[in-house]
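The values are calculated or read from the model by the stated rules, or taken from the named source; none is laboratory data. These figures come from a predicted structure and were not determined experimentally. Ideal geometry is used to build each Cβ from the backbone, glycine not excepted, and the neighbour counts take in all protein chains shown.
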Amino acid sequence: MSTKHCLLLFFAYAICVACTQPCRIVWTEGVTDPDTGRAAHTLEIQNPPAGTDWTVWFSQFRTPVTMEEGAPGSIEHISGTLYRVVPGTDTQGAAMVLNYQARPLVNQCRAPEGFFLQRKGGKAVPVEAEYRFLPTEPVPGFTYTKVGTGVYDIIPRLKEVKALPGETDPTAEPSVSLTGGQRPGWYRITLADGAVRIEAADEDGACYARTTLERIRRNAQGAAVPAAVVSDWPDLPWRGLMLDVSRNFTKKADLLRLIDLMAAYKANFLHLHFGDDEGWRIEIDALPELTSYGAFRCLPVLNEDGTISEPDGLQPTYCVAAKPGDDSPGNGYYSHADFVEILRYAWERRIRVIPEFDTPGHSRAAVKSMEVRAQRTGDASCLLSEPEDRSEYESVQDYTDNVMNVALPSTYTFFETVFDGLIALYAEAGVPLEAIHIGGDEVPEGSWTGSPACRALLEANGKKDIGWLQDYFLNRLMDIAEARGVKLGGWQDVCQNVEPATLGRLKRNLALTNLWTVSHGRDVLPYEFANAGIPVIISSAPNCYMDFAYNYGKTERGHSWGGFVDERRSFSVQPYDMYRSVRWDDYGQPVDLTHAGEGKPTLQPAARSQIIGIEGHLWAETLRCFDHVTYYFFPKSLGLFERGWNATPDWAGTTAPDDPAFTADFDRFFSIITDHEYPYYEDLGISYHRH
């Protein structure tokens, strides 16, 4: 064989080998241009298919993309966080390099992810990705002085520990008596003479006493403890966590583990955000499509006209699942039996579960599921959308089709069906249903403006302002709730910009409102609401948003749109003095609190009872596994548990961030974490943030 023939065979073999190599992504973080504030990133597709009849799907937090001139392809935003690469030229298997400008990468967890390659008419296959990030610098944390801790140092801190002579064995089986006559949740433990006696005002108090006793035993590690009488009670009746299971799902077994962790700190409310744009996670027997369709994500079908269809599940977002069966945090739901088990498990630990499905915005999963139900069964009785609606809007999360049509009678049939389904689940579990949370936040401007049904409803009621539809919607929901004896919950938006009659009725129907937005002059809202007689759960983003990164380090996971929340920031929240709840800024610089609250409404003494609790919120956009859930919550949430139990610390009213009273209190608090909680998390084998 000639040398020429050998070379031809070699090159042919090399080309075939190259063609069989799997497609691979290399994403490179670009340097930020100080003049434009934009960064030049690179997405390289190695070993792409020949031709141009393919695409690479991926997920990316929304960022406007500008392609380099002459790029061999483009990056197209679909909606939400779903993007795709559209090849413009055939590279014949050679690497396709896409240079583009976009926002700088806030932190590494916000890089593009979930890459899938799909040829036209073919199945999607996952694509491995390599990341090349810019060098990062370590970020210093807060400082504290380690102090000694004892067996009675637990979180939340005990109100009173009265020493008795001698030592005693804390492992004795306690006697328990319910005495009544004290504030809710009160208990007293007497540890003396080798015996343990518990007195409690109610079942909650007895549960908290057992939890305290277990923590004392754990701290003692088998040794005797100083004899003492412990007297304790919670200051706020609502001490909870909210977990978003819609955007990314937390499996039942992991949720039960979270409930155990909450119970260890005497938390008593778990707020489950199970319905949003990206998923519906609780089975409602009468509406199976909510979970058979709305609990799963898969890559959409590209239509010839450039639009997409979602016949088998919702489009991917925040992570990419190619089909409903994928083991992805985007897929999953709690079955009827699962949820009954969750309710009972939580109640055994005196934790009440609050179900939430966000409405009328943030409702894409429900809207699409009911469209599928109508198409598959011909039953449009629970339809949430109007085919003739030509409203144009874009939500905060970049959806143009996520708002319920509040003028349709079928919308309220849907609510009646879901309410009845939830009530039945709680009744079967034999646990109290404290409230159904209806969300009510962030309805995008432009909603309902192109709806014939909404226009007809306005005309029939002599109204011209599209904003009146919010009043109509809320009053219809209150009709449904009142007929069933159920209280409602909502985000702060439900009480804003409504007519006085609607607000008066809301005050009678709301069990809670979550006050989360406290920036840009809205820090007055918690006390305006409370003074007006509206029950308030302190949910302020700068203190209570557990999905915010612990610090500004680029390797630290989490959001930063409202700042950073670490253990010191959560500990600093003051339900009765919110204006002094941020003592250091996001970069560790002290905040002058001398004039905090000047010219702003104060909490009236008669309204203190309207501050009913405090809640930590974990939104799931950056969650990919249960390790992320526990890392965000622990130990960051402990500051909130502390403040919910002991709402008025000794340093309340101080204006210096490092006032000696605050410093001493925080030093002891964080020493308890390092001495007792870190080992606890290690024993449990959970992921957590270590300072």
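What's the number of the only condition in (1) surrounded by fewer than 22 Cβ atoms within 10 Å (Cβ to Cβ); (2) at pLDDT 95 or above; (3) out of contact with any Asp or Glu (no Cβ under 8 Å at 6 or more places or on another chain) that Ser328 fails to meet?
(2)
Of the residues Ser572, Ser540, which is in contact (Cβ under 8 Å) with a residue 60 or more places away in the chain, hydroxyl-bearing (Ser, Thr, Tyr) and in contact with a strand residue (DSSP E or B) (Cβ under 9 Å, 6 or more places away or on another chain)? Can you show your working first?
Values: Ser540 fails: in contact (Cβ under 8 Å) with a residue 60 or more places away in the chain.
Every option except Ser572 fails the conditions.
Give the residue, chosen from Ala286, Ala346, Ala295, that is over 22 Å from Gly122 (Cα atoms) and in a helix (DSSP H, G or I). Steps first, please.
Values: Ala286 fails: in a helix (DSSP H, G or I); Ala295 fails: in a helix (DSSP H, G or I).
None of the others qualify; the one that does is Ala346.
Among (1) within 35 Å of the chain's Cα centre (by Cα); (2) surrounded by fewer than 19 Cβ atoms within 10 Å (Cβ to Cβ); (3) in a loop (DSSP other than H, G, I, E, B), there is one condition Arg218 misses while meeting the rest; what is its number?
Answer for Arg218: the failing condition is (3).
For Thr513, work out the one condition from (1) crowded, with 22+ Cβ neighbours inside 10 Å; (2) in a loop (DSSP other than H, G, I, E, B) it doesn't fulfil.
Looking at each condition in turn, Thr513 falls short on (2).
Looking only at region 355-365, decide whether some residue is in a loop (DSSP other than H, G, I, E, B), over 18 Å from the mean Cα position of the chain (by Cα) and crowded, with 23+ Cβ neighbours inside 10 Å. Talk me through it step by step, then tell me what you get.
Within region 355-365, the first condition is being in a loop (DSSP other than H, G, I, E, B), and the residues that meet it are 360-363.
The next check asks that each one be over 18 Å from the mean Cα position of the chain (by Cα); those that pass are 360.
Filter again for crowded, with 23+ Cβ neighbours inside 10 Å, leaving 360.
Within region 355-365, one or more residues are in a loop (DSSP other than H, G, I, E, B), over 18 Å from the mean Cα position of the chain (by Cα) and crowded, with 23+ Cβ neighbours inside 10 Å.
Arg210: on the phi < 0 side of the Ramachandran plot, touching a residue at least 12 places away in the same chain (Cβ under 8 Å), in contact with an Asp or Glu (Cβ under 6 Å, 6 or more places away or on another chain) and outside any strand (DSSP E or B), yes or no? Reasoning before the result, please.
Values: on the phi < 0 side of the Ramachandran plot: yes; touching a residue at least 12 places away in the same chain (Cβ under 8 Å): yes; in contact with an Asp or Glu (Cβ under 6 Å, 6 or more places away or on another chain): no; outside any strand (DSSP E or B): yes.
When the stated conditions are applied, Arg210 does not pass them.
Take region 399-421 and flag every residue that is in contact with a Lys or Arg (Cβ under 6 Å, 6 or more places away or on another chain) and surrounded by fewer than 18 Cβ atoms within 10 Å (Cβ to Cβ).
Answer for region 399-421, where residues must be in contact with a Lys or Arg (Cβ under 6 Å, 6 or more places away or on another chain) and surrounded by fewer than 18 Cβ atoms within 10 Å (Cβ to Cβ): just Tyr412.
Would you mind telling me which numbered condition in (1) over 27 Å from Ala263 (Cα atoms); (2) at pLDDT 95 or above Phe357 fails?
Looking at each condition in turn, Phe357 falls short on (1).
Which residue is modelled with the lowest pLDDT, if the candidates are limited to region 29-61 and must be touching an Asp or Glu at 6+ places or on another chain (Cβ under 8 Å) and within 18 Å of Gly114 (Cβ to Cβ)? Full working, then the answer.
In the first step, residues of region 29-61 are kept if they are touching an Asp or Glu at 6+ places or on another chain (Cβ under 8 Å); the result is 39-41, 50-52, 58-61.
If we keep only those that are within 18 Å of Gly114 (Cβ to Cβ) too, we end up with 41, 58-61.
Working: His41: 98, Phe58: 96, Ser59: 95, Gln60: 95, Phe61: 92.
Taking the candidates together, the pick is Phe61.
Of the residues in region 597-617, how many are of a type in the set (D, E, K, R) and part of a loop (DSSP other than H, G, I, E, B)? Talk me through it step by step, then tell me what you get.
Here is the first cut: in region 597-617, the ones of a type in the set (D, E, K, R) are 598, 600, 608, 615.
Going one step further and asking which of them are part of a loop (DSSP other than H, G, I, E, B), we end up with 598, 600.
Of the residues in that region, 2 qualify.
Return the only residue of Phe133, Phe142 being in contact with a helix residue (DSSP H, G or I) (Cβ under 6 Å, 6 or more places away or on another chain), surrounded by fewer than 20 Cβ atoms within 10 Å (Cβ to Cβ) and within 14 Å of Ala40 (Cα to Cα).
On the way: Phe142 fails: within 14 Å of Ala40 (Cα to Cα).
Exactly one residue qualifies, and that residue is Phe133.
Take Leu164 and tell me if it is buried (at least 19 other Cβ atoms within 10 Å of the Cβ) and part of a strand (DSSP E or B).
Values: buried (at least 19 other Cβ atoms within 10 Å of the Cβ): no; part of a strand (DSSP E or B): yes.
No, not satisfied.
Could you please find all residues in region 211-234 being closer than 30 Å to Ile354 by Cβ and touching a Gly at 6+ places or on another chain (Cβ under 7 Å)?
Within region 211-234, Trp233, Pro234 meet the criteria.
Go through region 182-207 and report how many residues are crowded, with 18+ Cβ neighbours inside 10 Å and either without any contact (Cβ under 8 Å) to a residue 12 or more places away in the chain or on the phi > 0 side of the Ramachandran plot (or both). Full working, then the answer.
Of the residues in region 182-207, the ones crowded, with 18+ Cβ neighbours inside 10 Å are 185-191, 196, 198-202, 204-207.
From what's left, either without any contact (Cβ under 8 Å) to a residue 12 or more places away in the chain or on the phi > 0 side of the Ramachandran plot (or both): 185.
The number of residues fulfilling the criteria is 1.
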